[in-house]
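Throughout, read-outs are computed from the coordinates displayed, never taken from laboratory work. Since this is a predicted model, take the numbers as computed values, not measurements. Here the Cβ is made from the backbone with ideal geometry for all residues, glycine too, and neighbour counts use every protein chain on show.
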């Protein structure tokens with residue numbers, strides 16, 4: 001059968017036990033937001049996987065395959081945000097539209113943890129497989145002392161039906177890797193800052209996790225503070241926080257937040273008043289817009305991320321990157337690989353369900369996804385456990401350097417802070 005891509009519309013019929021016929025995979029991302037280049041790279045990676053099949057170990061585009069047992073698979077791109085990033089109303093509407101389309105079989109997204117927290121109860125209630133390439137908030141899949149009450153059960157109204165998986169390690173894994181990075185740099189006293197802006201808890205909780213892990217690892221917790229980045233976008237508005245950090249004697253700060261103008265202002269103020277204090281950023285802040293907005297503060301910025309430099313991925317990934325360049329005439333990113341694997345894994349689940357005659361049955365496809373076992377994928381070898389978490393747990397530590405063109409980018413500092421391959 002032909003694996004083809006179309007931009008499908010949304011219907012209003014209620015999903016049946018086996019939707020049959022044409023199957024639609026939705027991709028739900030903030031395409032128009034500040035990270036639109038990343039979202040396009042993800043989307044093009046998904047498209048590449050949908051249009052590809054392997055012949056003698058090579059990627060051959062626009063080929064025919066019987067991989068999904070007579071079902072035509074289409075890809076529908078929907079928007080979960082606006083120019084500012086993800087939006088709760090858009091994320092909810094996108095998930096609702098997908099669930100109401102009788103032919104929908106899976107959704108790739110969302111990218112942001114808060115957006116996934118909004119869409120997941122909707123897709124789960126509709127028995128729709130949801131695979132996020134990112135969304136590291138641990139409460140989406142696991143209980144934790146740092147979760148909100150009732151998580152993760154509150155995201156799964158379809159009791160007993162596990163429909164969500166992510167390709168990114170959780171922020172609990174990242175917190176441990178961040179402490180390992182701090183130890184390698186000789187950090188002794190840490191100050192933790194969390195953001196209380198609306199929806200920020202999904203990204204800010206990692207600072208609390210890092211603080212807890214740091215204490216257990218022998219790093220002194222010098223203090224903690226909260227900021228509201230949505231209420232203050234002025235550098236001088238964070239002077240009191242900077243003074244508290246200075247008084248604590250901390251030699252490092254961890255900030256848990258999503259990138260916005262308020263956090264950019266905080267970063268600049270911390271560097272202005274505390275130029276010799278290391279500023280640790282979680283992977284949620286490792287975005288080009290953020291790095292290019294914080295000015296000279298990049299010289300004190302350290303980032304922990306599960307996203308490796310492109311040359312650290314294996315031969316299979318390099319083949320996909322080559323095909324990406326050839327097909328789209330664009331420069332791929334690591335997110336191209338994550339989009340590719342998200343679609344590849346969804347197609348594998350459809351194929352697995354098809355072997356039992358259930359390619360169009362949403363619950364059968366979701367169940368098949370959790371039965372895929374070990375995957376030799378472009379992002380590395382991994383499994384997905386029963387909660388939806390990946391076994392990938394390898395992190396790297398970055399510093400920030402200025403490129404020849406004047407922009408700022410991540411530069412590898414410490415390799416493989418966590419376990420896993």
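Key figures
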quantity: Inter-site label distance for residue 407 and residue 185 at 7 Å from Cα along Cβ, in nm; calculated: 2.3
quantity: Highest-MSF residue in the chain out of 358, 276, 71 [GNM, Cα springs under 10 Å]; calculated: 276
quantity: Efficiency of FRET from Cβ geometry, residue 142 and residue 216, R₀ 22 Å, rounded to 0.05; calculated: 0.70
quantity: Segment residue 356-residue 247, length gained on full extension (0.36 nm per residue, minus Cα span); calculated: 32.7 nm
quantity: Footprinting exposure proxy for 46, 151 (fewest neighbouring C-beta atoms within 10 Å first); calculated: 151, 46
quantity: Förster radius 41 Å - calculated FRET efficiency between residue 312 and residue 72, Cβ distance, rounded to 0.05; calculated: 0.70
quantity: Exposure proxy ranking, count of Cβ atoms within 10 Å, fewest first, for 137, 374; calculated: 374, 137
quantity: For region 101-227, radius of gyration divided by Kirkwood radius, i.e. Rg to Rh on alpha-carbons; calculated: 1.05
quantity: Sites residue 22 and residue 261, calculated FRET efficiency, Cβ-Cβ separation with R0 51 Å, nearest 0.05; calculated: 0.75
quantity: Zone residues, region 182-198, relative to residue 89, backbone N less than 19 Å from point 7 Å out along Cα-to-Cβ; calculated: 198
quantity: Inter-site label distance for residue 149 and residue 240 at 7 Å from Cα along Cβ, in nm; calculated: 2.9
quantity: Beta bridge orientation in the chain: antiparallel %, DSSP, nearest 5; calculated: 35
quantity: Calculated over region 184-256: convex hull of Cα atoms, volume per residue (Å³); calculated: 82
quantity: Choice from 375, 278, 325 showing the highest fluctuation, given a GNM over the chain with Cα pairs closer than 10 Å; calculated: 325
quantity: CD proxy at 222 nm, helix term only [per DSSP H run n ≥ 4: -39500 (n - 2.57); per residue of the chain; nearest 500]; calculated: -10500 deg cm²/dmol
quantity: Least to most buried among 184, 229, 403 (fewest other Cβ within 10 Å first); calculated: 403, 184, 229
quantity: Euclidean distance between Cα centres, region 71-95 to region 145-198, Å; calculated: 24
quantity: Centre separation in Å (Cα based) which lies between region 206-233 and region 267-306; calculated: 15
